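Quick note: the coordinates plus some simple rules give every number you see, no bench work behind them. In this text the structure is predicted, and so the values were computed from the model without any measurement. Virtual Cβ from ideal backbone geometry, glycine too; neighbours counted across all protein chains shown.
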Ligand SMILES: Nc1nc2c(c(=O)[nH]1)N[C@H]1C(S)=C(S)[C@@H](COP(=O)(O)OP(=O)(O)OC[C@H]3O[C@@H](n4cnc5c(=O)[nH]c(N)nc54)[C@H](O)[C@@H]3O)O[C@H]1N2
Ligand SMILES: Nc1nc2c(c(=O)[nH]1)N[C@H]1C(S)=C(S)[C@@H](COP(=O)(O)OP(=O)(O)OC[C@H]3O[C@@H](n4cnc5c(=O)[nH]c(N)nc54)[C@H](O)[C@@H]3O)O[C@H]1N2
Ligand code: SF4
Ligand SMILES: [Mo]
C-alpha cells in the first residue's frame with residue numbers, strides 16, 4: 001500500500017480561538033415545554049428554532065439561551081411529528097457539541113516540515129484558494145468526474161450542489177450501502193417504493209409489532225420509540241427476534257433468541273405457516289399481488305420443524321408468533337429494520353420481510369404501513385448541471401444494477417486502481433462522515449485515501465477522518481448555523497427550519513458558506529446566485545406558502561395532505577410501481593438480474609472454535625462515533641462494554657467488569673481494552689458491543705482510549721451481490737489479555 005499520507009493527530013493546533021464556556025449542564029432529563037419555569041426564561045421570543053443533528057431523525061426543537069446569552073438547552077417542538085415535543089437524551093445533550101472544547105477551530109492545511117507531515121493553521125481565504133486551485137488542476141488532468149462527495153448530514157446538500165456544478169454526480173452517504181440500502185431495494189422490488197426515513201410505519205395504531213434485530217429503545221429514533229411505548233399501553237403485542245435480550249425484547253410478548261445469521265429461515269417458516277394454515281389476507285393477495293402460487297410452492301417444505309434445526313427457535317414458538325401476527329392483521333408491522341447490512345444476503349432477508357407484510361395485508365393499511373407525504377420545496381434556480389462522462393457505476397459494469405443510490409463503499413473501491421479499472425477517483429470532499437469508523441475494512445479505506453490527490457474534510461471535531469485530510473474545514477455546529485430546509489415525509493407533509501441560536505465559536509463556518517465561497521473560486525457562482533442564505537430560504541418558503549419570518553416564529557409548519565389517502569380505501573385500485581404493477585411476491589426485477597426471485601436460505605459461516613460472533617449496536621445516549629466526546633453524553637456513558645454470556649465467561653475465567661482485548665479471525669486485536677459485562681442477555685455464540693467507541697486521537701480528550709472500536713475488528717465484509725451493501729456481522733472474535741505487541 002502506498003503511504004503518501006501520514007495520519008496526523010491534530011494537536012496543539014487551532015487552540016488560539018475564543019475559549020468556550022465549559023460549564024457542565026445536566027441535560028439528560030427529557031424536557032418538555034411544561035418543564036420550563038417562566039422565571040428561568042424571560043419570554044418565548046428568546047428561543048430559536050432548530051432541528052437536531054445528533055442523529056438523522058432530525059427532530060425539530062427550540063434552542064434557549066440563559067441570561068448571559070449562552071446556549072442553555074434544546075427542547076422539542078410540540079408541532080413536530082418527529083419529536084412530538086420531546087427530544088431523546090442525545091438530542092437533549094446536543095449543546096455538548098457546541099461546548100466541546102476539543103472542537104476544530106480553524107482551517108488546517110497539511111504541510112511537510114523537516115520530513116514530518118503536520119497541519120498548519122490557515123485563514124479561510126488561504127484554505128479555500130488552495131482547495132479551488134487543486135480542484136482545477138486535478139480536474140484539468142483527470143476530468144471533474146474524478147471528484148466524489150461523501151457526506152452524511154444536512155450541510156451536504158450545498159456541497160452536493162457544488163460538486164454537480166463542477167461536473168460530477170458521484171455523491172454518496174454511508175446511510176445507503178452501510179445502513180438501509182438493502183431494505184430500500186427489497187421494498188422497491190416488492191412494493192415499487194422504498195420505506196424512507198422516517199419509516200412509513202404506523203406503530204401508533206398497530207396491534208402487533210415484530211422487531212427483527214431492530215432494537216428500539218437502544219435505537220432511540222424518537223418518534224418510533226414514543227409510538228412503540230404508546231402502542232404497548234394500548235395493548236399491542238411486541239414480538240422480538242434478537243440473539244440478545246434487548247430493551248425491546250424485555251417489553252415483548254414473545255422473544256425469539258435466534259441463532260445469528262439464520263433469520264431468513266425463520267421468515268420463510270413464518271411464510272409457510274401463514275400460507276399453509278390459510279391465515280394470510282386472501283382478498284388482498286388476490287387483488288394486489290403477483291407470484292403467490294410460486295411463493296406457495298417455494299415454501300412448501302419450509303416448516304417450523306425445518307427452521308428449528310437452523311434457527312434454534314422451537315416450532316411451537318414459530319407457530320404461536322405467526323398466529324399472533326395473523327390475529328392482528330392488517331394492523332401488524334413486521335418492522336423493516338434500518339441498519340440492515342448484516343450478512344451479505346440482506347436484500348433477500350428484507351424481501352422476506354416485505355413479503356410477510358404483504359401476506360398480512362399491512363402495506364397501505366392502518367396499523368401497518370401508511371402512505372407518507374412530503375412537501376415539494378423547489379430549489380433555487382440555477383443553470384443545468386453538466387452531464388458527467390462517467391460515474392462510480394462505471395467501475396462496476398453489470399453489477400449492482402438495482403442500487404438506486406451511490407455506494408460510499410463503491411466510491412472507495414473505485415478509488416483504488418487495482419480494484420477498479422474504469423473509474424478512479426482522485427479527489428474526495430468528505431462532509432460529516434467519519435469514514436474510518438463507518439465504512440468497513442479500514443485498511444481498504446486507508447488505501448483508497450492514499451490514492452487520492454486531494455481529500456478535503458469538513459467536520460466539527462478532530463475525528464479519525466480529519467487526521468488523513470489534506471485540508472480540514474471546521475464547520476460550526478447545528479446550533480450556530482442556518483441549513484437546508486428539513487423536508488422529510490410523514491403522515492402530514494411538514495417543513496422545519498434550522499437557524500443559528502448564536503454566533504459560531506472560533507473560526508468555524510457553515511457548510512453553505514463554504515460551498516458558496518468555493519463556487520466563486522471555481523467560476524461556478526451562477527449556481528449559487530443568492531445573496532444571502534436568508535434570501536434563499538425566504539424564497540423557498542414563499543414558494544410553499546410561508547416565509548422565513550413565519551418559520552422563525554413557529555419552527556415547524558405542518559400542511560394538510562392533498563388527499564385523504566393515508567391508507568388505502570377498501571377495494572381501492574392501486575397501481576404499484578413494479579414491472580407487473582402489482583406487489584411482487586415473485587420479483588421480476590431480481591429474476592431479470594439473475595438473482596433468486598423468491599428468497600432462499602443459505603447457511604453462513606459459523607465462528608471457529610474459541611471464537612464468538614461479533615455483534616454490535618446502539619446505546620441510548622450515543623450516536624455512532626459522533627457523540628463519543630460530547631461532555632454531556634460522556635457523563636451518562638463514557639465507554640462501551642463487551643457483553644459475554646456467563647457460560648463463556650466461566651470457560652475463559654473472565655470476571656464481570658474486567659478489561660480485556662478482543663482479537664478477530666484475521667488477527668486484528670483491539671487497540672484498547674474493553675470492560676466485560678457478563679450477562680445472560682446475550683447468546684453464548686456471540687458477543688455484543690456498542691459501535692462508536694475506542695477513539696485513538698488524543699485530542700478527543702474525553703473519548704480517547706475509552707472502550708474498543710467494533711470498526712477495527714470488522715475486517716471481513718460480505719458484500720450483497722444485489723446492491724453492494726457491506727455485510728458487517730460475519731466477523732468473529734476471541735479474548736486476549738494483553739495488548740498486541742506493536743501497541744503500547
Ligand atoms: N441511540 C442511538 N439510536 C440510533 C442510532 C445511534 O447511533 N444511537 N443510529 C440510528 C441509525 S442511523 C440506525 S441505522 C439505527 C440502527 O438500529 P437498528 O436498525 O435497530 O439496529 P441493527 O443494527 O439492525 O440491529 C441491532 C440489533 O440486532 C441484533 N442482532 C444482531 N445479529 C442479529 C441476527 O443475526 N438476527 C437478528 N434477528 N438480530 C440480530 C443485535 O443484538 C441488536 O439488538 O439506529 C438509529 N438510532
Ligand atoms: N462498524 C460499524 N460501522 C457502521 C455502523 C456500525 O454500527 N458499526 N453503523 C452504520 C450506520 S447504520 C450508519 S448510518 C453510518 C453512520 O456513519 P457516520 O455518519 O459517518 O457516523 P459518525 O461516526 O457519527 O461520523 C459523523 C462525523 O460527522 C461529524 N459531524 C457531526 N456533526 C457535524 C456537523 O454538523 N457538520 C459536519 N461537517 N460534521 C459533523 C462527526 O464529528 C463525525 O466525524 O455508519 C455505518 N457504519
Ligand atoms: S432522535 Fe434524538 S438525537 Fe435523533 S434527532 Fe431526535 S432528538 Fe436528536
Ligand atoms: Mo444508519
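By how many degrees, between 0 and 90 and to the nearest 10, does the Cα long axis of helix 315-328 differ from the longest principal axis of the chain? Taking the Cα atoms of the chain, the angle to 315-328 is about 80 degrees.
Which FRET efficiency value, to the nearest 0.05, do you get for residue 543 and residue 232 by plugging their Cβ-Cβ distance into 1/(1 + (r/R0)^6) with R0 = 60 Å? It comes to 0.90.
Take peptides 669-681, 114-126, 71-83, 293-305 and line them up by average Cβ neighbours within 10 Å, highest first, as a rough protection proxy.
Values: 669-681: 19.1, 114-126: 13.5, 71-83: 22.8, 293-305: 16.3.
Put in order of decreasing packing, that is 71-83, 669-681, 293-305, 114-126.
Diffusion of region 357-454 by Stokes-Einstein, at 37 °C in a medium of 0.692 mPa s and with Rh set to the Kirkwood radius over alpha-carbon pairs, works out to 193 µm²/s. Taking square-rooted eigenvalues a ≥ b ≥ c of the alpha carbon gyration tensor, is region 55-195 rounded, prolate or oblate, where a/c under 1.5 means rounded and, failing that, a/b exceeding b/c means prolate? Oblate. The mean of 1/r over all distinct Cα pairs in region 407-500, once inverted, gives the Kirkwood hydrodynamic radius of 15.1 Å. Counting only Cα atoms, the size of region 183-372 along its three principal axes is 41, 35, 32 Å, in decreasing order. Approximating the spin labels as points 7 Å out from Cα along Cα→Cβ, the residue 535-to-residue 698 distance works out to 4.8 nm. Shape class of the chain from the Cα gyration tensor (axes a ≥ b ≥ c, square roots of the eigenvalues): rounded, since a/c falls below 1.5. Taking Cα atoms only, the orientation of helix 511-521 departs from the longest principal axis of the chain by about 60 degrees.
The stretch between residue 389 and residue 125 holds 91.9 nm of extra length on full extension. This uses 0.36 nm per residue minus the Cα-Cα distance. By the count of neighbouring beta-carbon atoms within 10 Å, fewest first, 622, 152, 339 end up ordered 339, 152, 622.
For the pair residue 520 and residue 450, what calculated FRET efficiency results from E = 1/(1 + (r/R0)^6), where r is the Cβ-Cβ distance and R0 = 25 Å, to the nearest 0.05?
On the way: r = 31 Å, r/R0 = 1.24.
E between residue 450 and residue 520, to the nearest 0.05, is 0.20.
At full extension, residue 296 and residue 250 could sit 13.2 nm farther apart than now, given 0.36 nm per residue minus the alpha carbon distance.
Ordered by packing density, taken as the mean number of other Cβ atoms within 10 Å over each peptide's residues, highest first, how do 398-406, 560-568, 348-356 rank?
On the way: 398-406: 17.3, 560-568: 12.8, 348-356: 27.3.
Result, highest mean Cβ count within 10 Å first: 348-356, 398-406, 560-568.
If packing is taken as the average number of other Cβ atoms within 10 Å across a peptide's residues, how do 383-389, 107-113 rank, most packed first? Provide the component values of the computation, followed by the final result.
Details: 383-389: 11.9, 107-113: 16.6.
Taking the mean over residues of other Cβ atoms within 10 Å, the ranking is 107-113, 383-389.
Does region 463-559 classify as rounded, prolate or oblate by the C-alpha gyration tensor (a ≥ b ≥ c root eigenvalues; a/c under 1.5 gives rounded; else a/b over b/c gives prolate, otherwise oblate)?
Working: a/c = 2.07, a/b = 1.56, b/c = 1.33.
Prolate, since a/c reaches 1.5 and a/b exceeds b/c.
For residue 277 and residue 312, FRET efficiency with R0 = 25 Å and r from the beta-carbon atoms, rounded to 0.05? Display every interim value, and only then the final one.
Details: r = 22 Å, r/R0 = 0.90.
That gives a FRET efficiency of 0.65.
Simple spin-label estimate for residue 591 and residue 319 gives 3.3 nm between the two label positions (7 Å along the Cα-to-Cβ direction from each Cα).
Cα convex hull of region 198-274: how many Å³ per residue? Display every interim value, and only then the final one.
Values: hull volume 7.7 nm³, N = 77.
Roughly 100 Å³ of hull volume per residue.
Take the alpha-carbon positions of region 575-681, form their convex hull, and give its projected area averaged over all directions (one quarter of the hull surface) in nm². Taking a quarter of the hull surface, the average projection is 12.0 nm².
If you average the C-alpha positions of region 222-268 and of region 712-744 separately, how far apart do those two centres end up, in angstrom? What the calculation gives is 27 Å, centre to centre. Could you work out the helix-only [θ] at 222 nm for the chain, with each DSSP H run of four or more residues adding -39,500 (n - 2.57) and the total divided by the number of residues, to the nearest 500 deg cm²/dmol? Calculated mean residue ellipticity at 222 nm is -7500 deg cm²/dmol. Our estimate of slack between residue 287 and residue 66, defined as 0.36 nm per intervening residue step minus the Cα-Cα distance, is 73.6 nm. Semi-axes of the equivalent ellipsoid for region 644-694, computed as √(5λ) from the eigenvalues of its C-alpha gyration tensor and ordered from largest down, come to 18, 12, 12 Å.
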